[in-house]
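Read through the structure below, which is laid out as structure tokens, and then see the notes.
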Amino acid sequence: MQKNTNECFIIGSGRSLLKLTSEEKNYLNAHPHTLAMNKYLLFHEKIGVIPKAMFIGDFHFPAHKVFLETIKQALRLNFKPTYYADQYYKELFIKPFYRPYWNLKTRYNLYRNKSFFAPLNVSYEKLKFFKATLRDHPEFIWGESLNDELFFQRGSLSTALNIAYIIYPSCKIKLVGIDLTEPECFFEEELKLRSDLRDTYYDELAQKARRHFTAVPTQAGTVLDKFPLIKEKLKIKGGDLFCCNPNSLIVSEGLAEYVPIIEA
């Protein structure tokens, strides 16, 4: 089946991924433009789709473990996905250390508070870094390249959208597994055996609200409030934003239209 290179996919962790058909999985595996988020690669075998690129924007512990284990997982694959990571990981794990005092202090605190020893030098050939340090900024910040400050508002999806806009220019962005209607992810059962990868702070907020952490209301709003602005940015370059789950909160609230993964 011919792939549409004018589209790209952001793959989340919603349980709708468990309902992908074999045809949809084959299509995504063969597609050149797929970006998956956070813990996805650690449990990708449950879905059967290997993304061409990975992304991590969170650095709230235990995201450090997710970052390191994702690299180990990627090294085992025949195809090595490009890994986009927040500059926090570059400053903590990659030599030379540009902020030695910050590096030592952060390592000390991680060991004292979390019993986590940060390795001194991490190596993965296809690592790329970005910065999204102005978190939940009252103004809408949108980067035009990985050298710019990228958008971040309450959750990884915000920055993933900005990265997809940069690395897959002029594409129709399709959201896959971005459900937001429930706090559980597709690897919920596996996390029971890997509780060390579970962020209890985020989980408690999500469970209390009975929806994904990204969509939990805050005084500053959520990334969903910025969808009209994001769509404007995409359309300037000929792109657009759609969702591939008709039951997603994004579709039910009218923030993006539903389209199937494979369009006729």
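The values are calculated or read from the model by the stated rules, or taken from the named source; none is laboratory data. Just so we're clear, the structure is a prediction, and the values are computed from it rather than from any experiment. Every residue, glycine as well, gets a Cβ built from its backbone with ideal geometry; the counts of neighbours run over all protein chains shown. Please note that ligands, DNA and RNA were not included when accessible areas were found on the heavy atoms of the full protein model with its side chains. Shrake-Rupley method; radii C 1.70, N 1.55, O 1.52, S 1.80 Å.
Per-structure values
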read-out: Contacts under 8 angstrom Cβ, first residue in the stretch 44-60 being in contact (Cβ under 8 Å) with a residue 40 or more places away in the chain, partner hydrophobic (A, V, I, L, M, F, W, C) and in a loop (DSSP other than H, G, I, E, B), 6 or more apart; value: LYS46/PHE186; LYS46/PHE187; ILE47/LEU20; ILE47/PHE186; GLY57/ALA132; GLY57/PHE152
read-out: Flag if PHE129 is at pLDDT 95 or above and under 19 Å from ASP86 (Cβ atoms); value: yes
read-out: The stretch 107-118 residues that are open to solvent by 50 Å² or more (accessible area, probe 1.4 Å), paired with ones that are part of a helix (DSSP H, G or I) and at pLDDT below 95 (beta carbon under 8 Å, 6 or more apart); value: none
read-out: Residue list for the stretch 137-188, restricted to those being at positive phi, buried (at least 19 other Cβ atoms within 10 Å of the Cβ) and not basic (Lys, Arg); value: GLY155, GLY177, LEU180
read-out: Count - residues of the stretch 1-34 that are of a type in the set (Val, Ile, Thr), touching a residue at least 12 places away in the same chain (Cβ under 8 Å) and either open to solvent by 10 Å² or more (accessible area, probe 1.4 Å) or assigned to a helix (DSSP H, G or I) (or both); value: 1
read-out: Pairs, first surrounded by fewer than 20 Cβ atoms within 10 Å (Cβ to Cβ) in the stretch 210-222, second among the small types (Gly, Ala, Ser), C-beta under 9 Å, six or more apart; value: VAL216/GLY155; VAL216/ALA206; VAL216/ALA209; PRO217/ALA209
read-out: In the stretch 231-251, the residues that are surrounded by fewer than 22 Cβ atoms within 10 Å (Cβ to Cβ), touching a residue at least 60 places away in the same chain (Cβ under 8 Å) and not in a loop (DSSP other than H, G, I, E, B); value: LYS233, LEU234, ASP240, PHE242, LEU249
read-out: Per-region count, the stretch 95-122, residues out of contact with any Phe, Trp or Tyr (no Cβ under 8 Å at 6 or more places or on another chain), among the hydroxyl-bearing types (Ser, Thr, Tyr) and at pLDDT 95 or above; value: 4
